[in-house]
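Following: one structure in structure tokens, then a few remarks.
The values are calculated or read from the model by the stated rules, or taken from the named source; none is laboratory data. Small disclaimer: the values here were computed from a predicted structure and weren't measured. Just the protein is used for accessible areas: all its heavy atoms, side chains included, with ligands, DNA and RNA removed. Shrake-Rupley method; radii C 1.70, N 1.55, O 1.52, S 1.80 Å.
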Amino acid sequence: MRAQSSATASTRIAVDTPAPDGTSVGTPSPGRSAPGSAAGPAQAALGVVAFSLTFPATVWGLEGFGPWALVSVRSVLAALIAGGALLALRIPLPARRHRPGLAVVAAGVVLGFPLLTTLALRTSSTAHAAVVVGLLPLTTALLSALRVGARPSRTFWAAALAGAAAVVAFTVQQSGGALTTADLYLFGALLVCAAGYTEGGRLARELPGWQVIGWALVLCLPLTVPVAAVALVHQPPHLGVHSVAGLLWVAAGSQFLGLVVWYRGMAAIGIPKASQLQLAQPLLTLVWSVLLLGEHLTPAAPLTAAAVLVCIAVTQRARG
């Protein structure tokens, strides 16, 4: 997600032409990796690692905060970090043409996904919730094809579908195959997050990624500040090591820093290919769940991990 200072500055912004695989060609915009650079995949991968900690950190946060308080306070804290950086660097307001896209990013990634997944995690395990992340890459690629004209190859789609199927099968098996009311929240989160990722990736072609997420967070302040105030009164927090650590991570790590490197990676290698790196996210989440939450993995985990890594390798080599 990325809103750009040069949106209203006098300096010129490079306008890139979308390539068939969802990347763009031409002069890289400020803060963007050059074509062919290894920095793009590395940045997207760092974003995936940051996101993989979100569910366990949310579970920790829920130990001391109510769901509405946790979501609103994390957004406010992240907005303060982003707003401080924007103010310190004297970044101009985003151009008018970028604001509708920033609104989509804000609604999908800043508000919708955190709220819906937090509500789901009150009754769902992290393993079951990981089905959202398993389906997210495919959904993002589909929305990308519709929104920005990306046209990946058949090999790409076959590998993406296979990877998504492997992750879904694994996570459903982990949860016993039962559907709960939390699934409504999870599938809703899947759709709104994919929309936010797609729009943020599109904006990241023109604007620095940290500004995209930064402006999206600031845009939400008129809503998140009063909600946080009301929620903290009606859901008084019980502060502890876990709850504070969980809140700080979802605010600074997941909500801001993770999205900064994620959108930079998406801009560099294209939305569809970057989204496929997230196929590894559910398995990383399960690892963190074992280490941080004491959950147990079945023998299916390494087999699924191997299948997912193969699919990621195929998608990264497929040509549009």
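Give the value in nm², to one decimal: projected area of the alpha carbon convex hull of the stretch 40-160, averaged over all directions.
The number I arrive at for the stretch 40-160 is 9.7 nm².
Surface exposure of the chain, expressed per residue as accessible area with a 1.4 Å probe, stands at 41 Å². Our Cα-only numbers for the stretch 123-191 put the radius of gyration and Dmax at 13.2, 39 Å.
Computed over the Cα atoms of the stretch 164-234, the ratio of the radius of gyration to the Kirkwood radius (Rg/Rh) comes to 1.12.
Helical content of the chain, expressed as a calculated mean residue ellipticity at 222 nm, amounts to -20000 deg cm²/dmol (DSSP H runs of 4 or more residues, -39,500 (n - 2.57) each, divided by residue number, nearest 500).
Roughly to the nearest percent, how much of the accessible area of the chain is carbon and sulfur, given a 1.4 Å probe?
Whole-percent figure for carbon plus sulfur exposure: 71.
Kindly give Rg over Rh for the chain, based on alpha-carbon atoms, with the Kirkwood expression for the hydrodynamic radius. Intermediate results must be reported in sequence, preceding the final value.
Working: Rg = 18.7 Å, Rh = 19.4 Å.
Looking at the chain, the ratio lands at 0.96.
Based only on the alpha carbon positions, what is the Kirkwood hydrodynamic radius of the stretch 205-249, in angstrom? Don't jump to the answer; show the numbers that get you there.
Values: mean 1/r = 0.0778 Å⁻¹.
About 12.9 Å for the stretch 205-249.
For the stretch 161-320, report the % of Cα-Cα distances exceeding 28 Å. Above the 28 Å cut-off, the stretch 161-320 has 35 percent of its Cα pairs.
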